[in-house]
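The values are calculated or read from the model by the stated rules, or taken from the named source; none is laboratory data. Because the structure is a prediction, the values reported are computed rather than measured. Note that each Cβ is placed from the backbone with ideal geometry, even for glycine, and that neighbours are counted across all protein chains shown. Note: areas computed on protein heavy atoms with side chains; ligands, DNA, RNA excluded. Shrake-Rupley method; radii C 1.70, N 1.55, O 1.52, S 1.80 Å.
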Amino acid sequence: MTIPSTIHTWQKANPSFGIILPNAWFGRPYDNLHEITWLEDRKYRLLIEVDEQMLLILTKTPQFELRLDGKDLVMSNFLRLTFERLAYGDLSMHTESFDQGELRLMGY
């Protein structure tokens with residue numbers, strides 16, 4: 001399976017999910033319901049837009065891994081994960097970057 005087909009198959013079974021970044025949950029655990037609103041798999045990057053307001057940019061390595069772990073979609077072995085988001089209310093930009101760890105989209 002390709003990366004987009006794996007993600008789309010997972011998304012059909014899990015239309016709402018929580019986000020666990022390499023350092024912590026985004027928001028309160030089990031409190032936020034997110035959805036993928038756009039997806040693009042490029043040669044070196046995987047771009048996942050969430051809620052039309054957040055962008056997860058994964059720079060892929062040859063060892064990039066996308067796996068299903070129960071109801072969760074897990075991405076690891078990336079060169080860099082950049083998490084960009086527009087703040088709710090004032091639309092100010094916030095960015096975090098991670099050079100290691102896992103990104104987990106936790107299916108509800």
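What number comes out for the charge environment of Lys12, summing +1 per Lys or Arg and -1 per Asp or Glu over other residues with Cβ under 14 Å away?
Counting the neighbours of Lys12, the net charge comes to 0.
In Å², and per residue, what accessible area does the chain have when probed at 1.4 Å with the other protein chains present? Mind dumping the intermediate values first?
Numbers: 6230 Å² over 108 residues.
For the chain, the solvent-accessible area averages 58 Å² per residue.
By the scheme Lys and Arg +1, Asp and Glu -1, what is the net charge of all other residues having a beta-carbon under 10 Å from that of Arg80?
Local charge sum for Arg80: +1.
Starting at the first residue of segment 33-40, write each ³J(HN,Hα) from the Karplus equation 6.51 cos²θ - 1.76 cosθ + 1.60 with θ = phi - 60°, in whole Hz, x for Gly and Pro.
My calculation for segment 33-40 gives 10, 10, 9, 6, 10, 6, 8, 9 Hz in order.
With a sphere of radius 9 Å drawn around the Cβ of Val50, what net charge do the other residues whose Cβ falls strictly inside it have (Lys, Arg +1; Asp, Glu -1)?
-3
Evaluate the Kirkwood expression for the hydrodynamic radius of the chain, namely the inverse of the mean inverse distance over all pairs of different C-alpha atoms, and round to one decimal in Å.
Computed over Cα pairs of the chain, the Kirkwood hydrodynamic radius comes out at 14.0 Å.
Round to a whole number: what % of the accessible area of the chain belongs to carbon and sulfur, probe 1.4 Å?
Ligands and nucleic acids excluded, carbon and sulfur reach 50 percent.
Could you tell me whether segment 56-108 comes out rounded, prolate or oblate from its Cα gyration tensor? Rule is a ≥ b ≥ c as square roots of the eigenvalues, rounded for a/c under 1.5, then prolate if a/b exceeds b/c, otherwise oblate.
Oblate is the answer for segment 56-108, as a/c is 1.5 or above yet b/c matches or exceeds a/b.
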